[in-house]
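One structure is given here, and the rest of the page talks about it.
The values are calculated or read from the model by the stated rules, or taken from the named source; none is laboratory data. Fair warning: this is a prediction, and the values are worked out from it, not measured in the lab. Cβ: placed from backbone, ideal geometry, glycine included. Neighbour counts: every protein chain shown.
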Amino acid sequence: MQNNRKTLGILIILLGLALILLIVYFGFLKKETTPSAETLPAATTAQLPSAVPATTTPSDKPLNRQEYDISQEKAHKFNAADLEKLAMSFAERFGSFSNQSAYGNFIDLKIFMTDDLATWVDTYVATLKSQAKNDGSYYGITTRALTAEAKSFDENSGTAQVIVATERRESTGEINGGTSYFQTIDLRFVLEDDEWLADEVYWEK
(Lines give C-alpha, C1' and ligand atoms only; values in the text may rest on other atoms or scores of the structure.)
Protein backbone atom coordinates (compact mmCIF):
# COMPACT_ATOMS: atom_id res chain seq x y z
CA MET A 1 0.00 0.00 0.00
CA GLN A 2 2.77 2.31 0.91
CA ASN A 3 4.63 1.39 -2.26
CA ASN A 4 1.64 2.29 -4.37
CA ARG A 5 1.48 5.75 -2.83
CA LYS A 6 5.15 6.25 -3.46
CA THR A 7 4.77 5.19 -7.06
CA LEU A 8 1.78 7.49 -7.48
CA GLY A 9 3.75 10.41 -6.07
CA ILE A 10 6.58 9.78 -8.47
CA LEU A 11 4.15 9.71 -11.41
CA ILE A 12 2.57 12.96 -10.30
CA ILE A 13 6.00 14.57 -10.08
CA LEU A 14 6.95 13.27 -13.52
CA LEU A 15 3.69 14.50 -15.02
CA GLY A 16 4.27 17.89 -13.43
CA LEU A 17 7.75 18.07 -14.90
CA ALA A 18 6.42 17.01 -18.29
CA LEU A 19 3.76 19.70 -18.11
CA ILE A 20 6.35 22.32 -17.21
CA LEU A 21 8.53 21.22 -20.12
CA LEU A 22 5.57 21.48 -22.50
CA ILE A 23 4.75 24.95 -21.23
CA VAL A 24 8.35 26.04 -21.62
CA TYR A 25 8.55 24.55 -25.11
CA PHE A 26 5.36 26.04 -26.46
CA GLY A 27 5.72 29.28 -24.53
CA PHE A 28 9.32 30.16 -25.31
CA LEU A 29 11.04 27.80 -27.70
CA LYS A 30 8.14 27.71 -30.14
CA LYS A 31 7.88 31.48 -30.07
CA GLU A 32 11.52 31.85 -30.99
CA THR A 33 11.23 29.49 -33.95
CA THR A 34 8.09 31.22 -35.32
CA PRO A 35 9.17 33.38 -38.23
CA SER A 36 8.79 37.06 -37.46
CA ALA A 37 6.53 39.26 -39.47
CA GLU A 38 7.85 39.74 -42.93
CA THR A 39 9.89 42.88 -43.02
CA LEU A 40 9.43 45.22 -45.93
CA PRO A 41 12.50 46.05 -47.89
CA ALA A 42 13.87 49.47 -47.10
CA ALA A 43 12.66 52.11 -49.47
CA THR A 44 15.31 53.19 -51.85
CA THR A 45 15.59 56.72 -53.15
CA ALA A 46 16.58 57.05 -56.73
CA GLN A 47 19.70 59.11 -57.08
CA LEU A 48 18.92 62.02 -59.37
CA PRO A 49 21.68 63.00 -61.69
CA SER A 50 23.46 66.00 -60.31
CA ALA A 51 23.31 69.15 -62.36
CA VAL A 52 26.31 69.70 -64.50
CA PRO A 53 27.91 72.91 -63.28
CA ALA A 54 27.78 75.68 -65.84
CA THR A 55 31.14 76.69 -67.11
CA THR A 56 30.03 80.31 -67.63
CA THR A 57 27.50 82.62 -66.10
CA PRO A 58 25.49 85.17 -68.13
CA SER A 59 27.77 87.92 -66.93
CA ASP A 60 30.82 85.90 -68.01
CA LYS A 61 29.61 85.53 -71.56
CA PRO A 62 31.51 87.82 -73.88
CA LEU A 63 29.39 90.58 -75.35
CA ASN A 64 29.67 91.44 -78.97
CA ARG A 65 30.58 95.03 -78.23
CA GLN A 66 32.16 97.27 -80.75
CA GLU A 67 34.51 99.85 -79.47
CA TYR A 68 33.59 103.37 -80.57
CA ASP A 69 36.32 105.93 -80.80
CA ILE A 70 34.69 109.33 -80.62
CA SER A 71 37.94 110.94 -81.66
CA GLN A 72 37.43 109.41 -85.10
CA GLU A 73 34.06 111.14 -85.45
CA LYS A 74 34.16 114.11 -87.75
CA ALA A 75 33.50 117.39 -85.98
CA HIS A 76 30.12 118.87 -86.80
CA LYS A 77 30.46 121.85 -89.07
CA PHE A 78 28.08 124.69 -88.30
CA ASN A 79 25.80 125.18 -91.29
CA ALA A 80 22.85 127.25 -92.46
CA ALA A 81 20.31 124.95 -90.77
CA ASP A 82 22.08 125.45 -87.45
CA LEU A 83 22.02 129.21 -87.95
CA GLU A 84 18.27 129.08 -88.64
CA LYS A 85 17.69 127.37 -85.29
CA LEU A 86 19.89 129.95 -83.57
CA ALA A 87 18.00 132.76 -85.28
CA MET A 88 14.59 131.40 -84.15
CA SER A 89 15.73 131.22 -80.54
CA PHE A 90 17.26 134.68 -80.75
CA ALA A 91 14.10 136.16 -82.30
CA GLU A 92 11.84 134.74 -79.57
CA ARG A 93 13.98 136.13 -76.75
CA PHE A 94 14.70 139.42 -78.47
CA GLY A 95 11.01 139.97 -79.17
CA SER A 96 9.71 139.02 -75.70
CA PHE A 97 10.07 141.56 -72.92
CA SER A 98 8.12 143.39 -70.22
CA ASN A 99 8.55 146.36 -67.91
CA GLN A 100 8.22 144.04 -64.90
CA SER A 101 11.33 142.11 -65.93
CA ALA A 102 13.25 145.38 -66.46
CA TYR A 103 13.80 144.33 -70.09
CA GLY A 104 16.38 141.81 -68.92
CA ASN A 105 15.94 139.68 -72.04
CA PHE A 106 17.95 142.18 -74.07
CA ILE A 107 20.80 142.12 -71.58
CA ASP A 108 20.83 138.29 -71.55
CA LEU A 109 21.19 138.21 -75.34
CA LYS A 110 24.24 140.48 -75.47
CA ILE A 111 26.58 137.47 -75.47
CA PHE A 112 25.12 136.58 -78.90
CA MET A 113 25.59 140.11 -80.29
CA THR A 114 28.42 142.05 -81.79
CA ASP A 115 29.69 145.05 -79.86
CA ASP A 116 27.82 147.40 -82.19
CA LEU A 117 24.46 145.71 -81.61
CA ALA A 118 25.09 145.41 -77.86
CA THR A 119 25.71 149.17 -77.71
CA TRP A 120 22.47 149.83 -79.59
CA VAL A 121 20.59 147.55 -77.16
CA ASP A 122 21.86 149.51 -74.15
CA THR A 123 20.49 152.71 -75.68
CA TYR A 124 17.20 151.04 -76.63
CA VAL A 125 16.63 149.64 -73.12
CA ALA A 126 17.33 153.05 -71.59
CA THR A 127 14.72 154.57 -73.92
CA LEU A 128 12.12 151.94 -73.00
CA LYS A 129 12.67 152.51 -69.30
CA SER A 130 12.35 156.27 -69.67
CA GLN A 131 9.08 155.89 -71.56
CA ALA A 132 7.59 153.38 -69.14
CA LYS A 133 4.70 154.54 -66.98
CA ASN A 134 5.36 154.76 -63.26
CA ASP A 135 1.85 153.74 -62.24
CA GLY A 136 2.87 150.11 -61.89
CA SER A 137 0.73 148.93 -64.80
CA TYR A 138 1.99 145.99 -66.84
CA TYR A 139 3.30 146.28 -70.36
CA GLY A 140 4.94 143.50 -72.32
CA ILE A 141 5.25 141.69 -75.63
CA THR A 142 5.58 137.94 -76.15
CA THR A 143 6.99 136.45 -79.34
CA ARG A 144 6.88 132.93 -80.74
CA ALA A 145 9.07 131.94 -83.70
CA LEU A 146 7.23 130.03 -86.42
CA THR A 147 9.66 129.50 -89.29
CA ALA A 148 13.13 130.57 -90.34
CA GLU A 149 14.78 130.87 -93.73
CA ALA A 150 18.45 131.50 -94.34
CA LYS A 151 18.60 134.00 -97.19
CA SER A 152 22.37 133.86 -97.28
CA PHE A 153 25.16 131.97 -95.53
CA ASP A 154 28.72 132.71 -96.58
CA GLU A 155 31.55 131.49 -94.38
CA ASN A 156 34.18 133.03 -96.63
CA SER A 157 32.84 136.54 -96.20
CA GLY A 158 31.61 135.78 -92.69
CA THR A 159 28.10 137.11 -93.28
CA ALA A 160 24.62 135.61 -93.18
CA GLN A 161 21.00 136.69 -93.25
CA VAL A 162 18.01 134.84 -91.75
CA ILE A 163 14.35 135.86 -91.95
CA VAL A 164 12.21 134.58 -89.06
CA ALA A 165 8.41 134.62 -89.14
CA THR A 166 6.91 135.18 -85.69
CA GLU A 167 3.61 135.50 -83.88
CA ARG A 168 3.52 138.31 -81.32
CA ARG A 169 1.14 139.56 -78.66
CA GLU A 170 1.26 143.02 -77.06
CA SER A 171 -0.27 143.21 -73.58
CA THR A 172 -1.14 146.34 -71.63
CA GLY A 173 -2.38 146.13 -68.07
CA GLU A 174 -2.84 142.35 -68.21
CA ILE A 175 -0.42 139.53 -68.95
CA ASN A 176 -1.27 137.68 -72.19
CA GLY A 177 -3.91 140.26 -72.98
CA GLY A 178 -4.43 141.91 -76.34
CA THR A 179 -4.66 140.29 -79.73
CA SER A 180 -1.89 138.44 -81.54
CA TYR A 181 -0.37 139.52 -84.83
CA PHE A 182 2.26 138.19 -87.22
CA GLN A 183 5.56 139.93 -87.88
CA THR A 184 8.86 138.95 -89.47
CA ILE A 185 12.29 139.88 -88.21
CA ASP A 186 15.37 140.28 -90.38
CA LEU A 187 18.53 139.12 -88.62
CA ARG A 188 22.01 139.82 -90.00
CA PHE A 189 24.89 137.77 -88.62
CA VAL A 190 28.65 138.09 -88.86
CA LEU A 191 31.32 135.49 -88.13
CA GLU A 192 33.69 136.56 -85.35
CA ASP A 193 36.25 134.18 -83.81
CA ASP A 194 34.39 131.18 -85.29
CA GLU A 195 31.09 132.30 -83.75
CA TRP A 196 28.07 133.65 -85.56
CA LEU A 197 26.87 136.82 -83.78
CA ALA A 198 23.82 138.96 -84.45
CA ASP A 199 24.94 142.30 -85.86
CA GLU A 200 21.74 143.91 -87.14
CA VAL A 201 18.06 143.40 -86.28
CA TYR A 202 15.09 144.77 -88.22
CA TRP A 203 11.43 144.23 -87.39
CA GLU A 204 9.49 144.44 -90.61
CA LYS A 205 6.32 146.51 -90.46
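Below is a table of values for the structure above.
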{"item": "Matching residues in segment 70-109 - criterion: being more than 17 Å from W203 (Cα to Cα), modelled with pLDDT of 95 or more, among the small types (G, A, S) and over 31 Å from the mean Cα position of the chain (by Cα)", "result": "A80"}
{"item": "Check on W196, in contact with a strand residue (DSSP E or B) (Cβ under 9 Å, 6 or more places away or on another chain), among the hydrophobic types (A, V, I, L, M, F, W, C) and surrounded by 16 or more Cβ atoms within 10 Å (Cβ to Cβ)", "result": "yes"}
{"item": "Check on T184, in contact with a helix residue (DSSP H, G or I) (Cβ under 7 Å, 6 or more places away or on another chain) and either of a type outside the set (K, R) or touching a residue at least 60 places away in the same chain (Cβ under 8 Å) (or both)", "result": "no"}
{"item": "Positions within segment 95-109 being in contact with a helix residue (DSSP H, G or I) (Cβ under 6 Å, 6 or more places away or on another chain), in a helix (DSSP H, G or I) and not aliphatic (A, V, I, L, M), in sequence order", "result": "N105, F106"}
{"item": "Among residues of segment 136-158, those that are closer than 30 Å to Q100 by Cβ and more than 36 Å from the chain's Cα centre (by Cα), counted", "result": "6"}
{"item": "Conditions (1) out of contact with any helix residue (DSSP H, G or I) (no Cβ under 7 Å at 6 or more places or on another chain); (2) more than 12 Å from N99 (Cα to Cα); (3) not aliphatic (A, V, I, L, M): number failed by Q131", "result": "(2)"}
